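Undergrad: Dropping a structure here in structure tokens format, bear with me for questions.
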Amino acid sequence: MKSPLLSLPGAVPAEGVDEGVAAHYGDLFREQRALADGSGFVDLSHRGVVTVTGDDRLSWLHLLLTQHVSDLPAGQATEALILSANGHIEHALYLVDDGATVWAHVEPGSQEALIAYLESMKFFYRVEVADRTADTAVVHLPAGSIAQAPDSAAVRETPYGRDLFLPREELEAFAAQAGPAAGILAHEALRVEQHRPRLGFETDHRTIPHELGWIGTAVHLQKGCYRGQETVARVQNLGKPPRRLVFLHLDGSEVHLPPNGAEIRLADDGPDGRKIGFVTTSARHHELGPVALALVKRNVPVDARLMAEETAAAQETVVEP
């Protein structure tokens, strides 16, 4: 899904999973500062959009998701996960109910697999699941923004800003009055600063919610049964997750950022030391300089000096060991 906003002046297309929207519009740090100050918007129209309608939509989703949504008030935003039978994260949903429809945005390209799973679980429930990606664009307004959301948009308001589910034909008109536009790299840099995990970046095939700090924000510990709950309960009550999310301050003298998957070792062990983790997302922040999120083994000392490939890194704890 290629965004029409790639025709805006200075737009440089993003690559990889975020292909289809702008990486930036010519000035990464200016765009970050604008978002941090509560102005501008981010085009997230490449993300998948899924809706659930019907009288049983909330009670049905409550059985499938990690979050407590059976009594979700209209207009209240929440996050939720879908886990495998072994408790590994398969989907992350960012959702809101507008009183008649549950709107959720998900990682680009993941909506088809999500819908296939949801369809397989409908049984006798009065629900309808739809892929709305083709006609609905997600737009993010940062916290503090005074931009007006069109009446036609479903709005998901969070501490980090508002996500609008906007009719796709209105995207260009909205952009013209909501600017300045900020690219996905600015949005990602602020996400890293805020220690917020993203599916497919901070996760791999064996990630469980405890490792990323998704307990509480996306996983409700007092709700009924859902697939993968046994793993969540066992780790919560009897043990610790094998890995933990950390925030890294990277050596600013390095020209290149360590990419996703870059191996992390203890600095004291040298380049031949054993791998103790990997970088999940790295970014250049307008105030903090080069930063990253990473997953490391739980028993890595919180004050240990690290190396991300050839780049020295100091860690901040996100998930307690």
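Undergrad: Out of all the residues in the stretch 156-176, is one or more buried (at least 19 other Cβ atoms within 10 Å of the Cβ), more than 26 Å from Glu19 (Cβ to Cβ) and touching a strand residue (DSSP E or B) at 6+ places or on another chain (Cβ under 6 Å)?
TA: Checked the stretch 156-176: no residue is buried (at least 19 other Cβ atoms within 10 Å of the Cβ), more than 26 Å from Glu19 (Cβ to Cβ) and touching a strand residue (DSSP E or B) at 6+ places or on another chain (Cβ under 6 Å).
Undergrad: Out of the residues in the stretch 236-258 that are open to solvent by 20 Å² or more (accessible area, probe 1.4 Å) and outside any loop (DSSP other than H, G, I, E, B), state the one that is farthest from Leu118 (Cα to Cα).
TA: Start the filter on the stretch 236-258 by keeping residues that are open to solvent by 20 Å² or more (accessible area, probe 1.4 Å), which leaves 236-240, 242, 249, 251-257.
Then drop every residue that is not outside any loop (DSSP other than H, G, I, E, B), which leaves 236-238, 249.
Working: Gln236: 27, Asn237: 29, Leu238: 31, His249: 40 Å.
Filtering the stretch 236-258 for residues that are open to solvent by 20 Å² or more (accessible area, probe 1.4 Å) and outside any loop (DSSP other than H, G, I, E, B), the one farthest from Leu118 (Cα to Cα) comes out as His249.
Undergrad: Can you tell me how many residues within the stretch 193-233 are of a type outside the set (Ser, Thr, Tyr) and in a loop (DSSP other than H, G, I, E, B)?
TA: Going residue by residue through the stretch 193-233, those that are of a type outside the set (Ser, Thr, Tyr) are 193-202, 204-206, 208-216, 218-225, 227-230, 232-233.
If we keep only those that are in a loop (DSSP other than H, G, I, E, B) as well, we get 194-202, 204-206, 208, 213-214, 216, 218, 220-225, 227-228.
Final tally of qualifying residues: 25.
Undergrad: I'm trying to understand the selection: among the residues of the stretch 119-135, which are in contact with a Leu (Cβ under 7 Å, 6 or more places away or on another chain) and buried (at least 19 other Cβ atoms within 10 Å of the Cβ)? Don't jump to the end; show me each part of the working.
TA: First, pick out the residues of the stretch 119-135 that are in contact with a Leu (Cβ under 7 Å, 6 or more places away or on another chain): 121, 129.
The one that is in contact with a Leu (Cβ under 7 Å, 6 or more places away or on another chain) and buried (at least 19 other Cβ atoms within 10 Å of the Cβ): Val129.
Undergrad: Report the residue count in the stretch 188-209 for those that are farther than 30 Å from Phe29 by Cα and open to solvent by less than 20 Å² (accessible area, probe 1.4 Å).
TA: Going through the stretch 188-209 one residue at a time, the tally reaches 3.
Undergrad: So which residues in the stretch 92-114 are open to solvent by 50 Å² or more (accessible area, probe 1.4 Å) and on the phi < 0 side of the Ramachandran plot, if there are any at all?
TA: Passing the criteria: Asp98, Ala100, Glu112, Ala113.
Undergrad: Mind listing just one residue for me: the one in the stretch 82-91 that is closer than 20 Å to Glu119 by Cα and touching a residue at least 60 places away in the same chain (Cβ under 8 Å) and, of those, most open to solvent (accessible area, probe 1.4 Å)?
TA: Of everything passing the filter in the stretch 82-91, Ala85 is most open to solvent (accessible area, probe 1.4 Å).
Undergrad: List the residue pairs whose Cβ atoms are under 7 Å apart, where the first residue sits in the stretch 51-80 and is at positive phi, the second is part of a strand (DSSP E or B), and the two are 6 or more positions apart or on different chains.
TA: Pairs found: Gly54/Glu128; Gly75/Val96.
Undergrad: Select the strands (runs of 3 or more DSSP E) contained entirely in the stretch 259-321, then report the ones holding at least 2 residues which are open to solvent by 10 Å² or more (accessible area, probe 1.4 Å) and not β-branched (Val, Ile, Thr).
TA: It comes to 263-266, 277-285, 289-297, 311-317.
Undergrad: Where residues in the stretch 1-32 are in contact with a helix residue (DSSP H, G or I) (Cβ under 9 Å, 6 or more places away or on another chain) and of a type in the set (D, E, K, R), which of them is farthest from Glu112 (Cα to Cα)?
TA: If we take residues in the stretch 1-32 being in contact with a helix residue (DSSP H, G or I) (Cβ under 9 Å, 6 or more places away or on another chain) and of a type in the set (D, E, K, R), then Arg30 is farthest from Glu112 (Cα to Cα).
The values are calculated or read from the model by the stated rules, or taken from the named source; none is laboratory data. Note that the structure is predicted; figures quoted are calculated from it, not measured. Please note: Cβ atoms are built from the backbone with ideal geometry, for glycine as well, and neighbour counts cover all protein chains shown. Heads up: the accessible areas ignore ligands, DNA and RNA and are worked out on the full protein's heavy atoms, side chains in. Shrake-Rupley method; radii C 1.70, N 1.55, O 1.52, S 1.80 Å.
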